[in-house]
Amino acid sequence: MIGKIWNYLSKPELVPRLFAITLAIVFIFGLFWPIYKDNNQLYPKPEYHSQALKTPLAPYDRSIVKAQYPQYLPDLGKITSYLTPIAIFIKDRTLFFGTTIVSTPGGILDEILYYTRGMDTVLESSILLVAFIIFTWLYWNRERD
Amino acid sequence: MIDGGIFGIVPFGDIIFKYSMFSTIGFVIAITFTILVYLTKPEKQLEAQKFGEDKLIDIPLHELKNRRYMAIVCGIATAGAMLTQDIFDFALFLTLVGIANIGIVSAVKREHVLNASFQYGLTSIIATLPLFGASALILAKTGTLSILELHHLNKNLLFEKILYGLGMAGETGVAPYYAAKAEMFRAPGSPYILMIHLSSLLLIVRTVEILLTI
């Protein structure tokens, strides 16, 4: 009996299904779990549309930066307010810099968006890079034996 | 803190890399194995044929380069995941390890290997939902992502922890299953497969340490 179950479980295509079912059950139990938002947030979100047409960096203008570790705050301020020359060039010409394609994650706005979170921006772009490497390798070698 | 004394920290903004007793050991192991993987040559295999001569299977250079690169990325990501003191950063490291694992497996041109790596890819795509969802829930509930801060807060995070553990299990925890299932041990080019196991092992231990700390 147990042997039959093990044999049934040994199919590779079964694991994503089992995993998804487990996840669904856990999420159903999660409905009974109290989920709330603490008001003392380290990364506060500005009110919707409160920055539109007032600052070119809307909706990502983080004028006040709170640091997790206050002893590193002086260095953090120098980096967080930094914009690349290209970013400054675009920012001076349009009020919609924050919503243009160049400021999406991976674009040039990343400096102000993510630098307080340090390594995150490096990791996100390297995940994307690795995914592209795998895809291009498979694509270029698809006819090779 | 259950991870022993602190040797030093490397601050990157709000994310801190901490060298403690536990994380330094994991870091050194991951880096050592990465260097070993870089230096060793993959083994060749003699495959017995039913009719005619036995044939020696060699790994072509282009495949070797890709798999070695992916193994090195996997090793470096594992080493980074040992040190980081941030929930979201650790989730990103897990995702990077997962995708590098798929890269190691997917370069082998055999049908059952590619099938297994496709299924592993599906599992790790599903697993990003609980992983990042749990990070978001923890951020909403406590207002911070730093493990050092969460240690002092003493909030009840049981459901989030279960979700986080599930995400880790789907992202790297099931990788050895697929590596074994696809008979990767018998596929040529063994040292790169060891990276999947090593990263999975180290990351499971590290996740348990994080979940016990916060």
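Of the residues in the stretch A:67-102, how many are at pLDDT 75 or above, surrounded by 12 or more Cβ atoms within 10 Å (Cβ to Cβ) and among the charged types (D, E, K, R)?
1
Suppose we filter the stretch A:1-33 for residues that are part of a loop (DSSP other than H, G, I, E, B), at pLDDT 85 or above and more than 7 Å from chain B (Cβ to nearest Cβ); how many remain?
Residues flagged as part of a loop (DSSP other than H, G, I, E, B), at pLDDT 85 or above and more than 7 Å from chain B (Cβ to nearest Cβ) within the stretch A:1-33 amount to 3.
Among residues belonging to the stretch B:41-77 that are touching a Ser or Thr at 6+ places or on another chain (Cβ under 8 Å) and among the small types (Gly, Ala, Ser), point out the one that is surrounded by the most Cβ atoms within 10 Å (Cβ to Cβ).
B:Ala77
From the list B:Ala127, B:Ala169, which one is in contact with a Gly (Cβ under 6 Å, 6 or more places away or on another chain) and small (Gly, Ala, Ser)?
Answer to the selection: B:Ala127.
Could you tell me which numbered condition B:Gly52 fails, if it satisfies all but one of (1) on the phi > 0 side of the Ramachandran plot; (2) touching a Gly at 6+ places or on another chain (Cβ under 7 Å)?
Checking B:Gly52 against (1) on the phi > 0 side of the Ramachandran plot; (2) touching a Gly at 6+ places or on another chain (Cβ under 7 Å), the one that fails is (2).
Going through the stretch B:30-41 one residue at a time, which ones are under 21 Å from the mean Cα position of the chain (by Cα) and part of a loop (DSSP other than H, G, I, E, B)?
B:Thr40
With respect to B:Ala91, is the statement that it is in contact with an Asp or Glu (Cβ under 9 Å, 6 or more places away or on another chain), within 14 Å of chain A (Cβ to nearest Cβ) and buried (at least 19 other Cβ atoms within 10 Å of the Cβ) true?
Here the answer is yes, as B:Ala91 does meet what is asked.
B:Asn115 fails exactly one of the following numbered conditions: (1) surrounded by fewer than 17 Cβ atoms within 10 Å (Cβ to Cβ); (2) in contact with a Ser or Thr (Cβ under 8 Å, 6 or more places away or on another chain). What is the number of that condition?
Of the numbered conditions (1) surrounded by fewer than 17 Cβ atoms within 10 Å (Cβ to Cβ); (2) in contact with a Ser or Thr (Cβ under 8 Å, 6 or more places away or on another chain), the odd one out for B:Asn115 is (2).
Name the residue that is surrounded by the most Cβ atoms within 10 Å (Cβ to Cβ), counting only residues in the stretch B:159-177 that are more than 8 Å from chain A (Cβ to nearest Cβ) and free of Cβ contacts under 8 Å to residues at least 40 places away in the same chain.
Applying the filter and picking the extreme gives B:Glu160.
Can you pull out the residues in the stretch B:136-149 that are closer than 18 Å to A:Pro34 by Cβ and surrounded by 17 or more Cβ atoms within 10 Å (Cβ to Cβ)?
B:Leu137, B:Ile138, B:Leu139, B:Lys141, B:Thr142, B:Gly143, listed by residue number.
Got at least one residue in the stretch B:130-147 being of a type in the set (Phe, Trp, Tyr) and within 8 Å of chain A (Cβ to nearest Cβ)?
There is no residue in the stretch B:130-147 that is of a type in the set (Phe, Trp, Tyr) and within 8 Å of chain A (Cβ to nearest Cβ).
Hey, among the residues in the stretch B:81-117 that are small (Gly, Ala, Ser) and in contact (Cβ under 8 Å) with a residue 24 or more places away in the chain, which one's nearest to B:Phe132 (Cα to Cα)?
Applying the filter and picking the extreme gives B:Ala91.
Could you tell me whether the stretch A:37-49 includes any residue that is over 24 Å from the mean Cα position of the chain (by Cα), under 19 Å from B:Ser135 (Cα atoms) and within 8 Å of chain B (Cβ to nearest Cβ)?
Scanning the stretch A:37-49 turns up no residue that is over 24 Å from the mean Cα position of the chain (by Cα), under 19 Å from B:Ser135 (Cα atoms) and within 8 Å of chain B (Cβ to nearest Cβ).
Is the stretch B:17-31 home to any residue that is within 14 Å of chain A (Cβ to nearest Cβ), farther than 23 Å from B:Ser106 by Cα and touching a residue at least 24 places away in the same chain (Cβ under 8 Å)?
yes
The values are calculated or read from the model by the stated rules, or taken from the named source; none is laboratory data. Please read all numbers here as calculations on a predicted model, not as lab measurements. Neighbour counts are summed over all protein chains in view; Cβ atoms, including those assigned to glycine, are modelled from backbone coordinates with ideal geometry.
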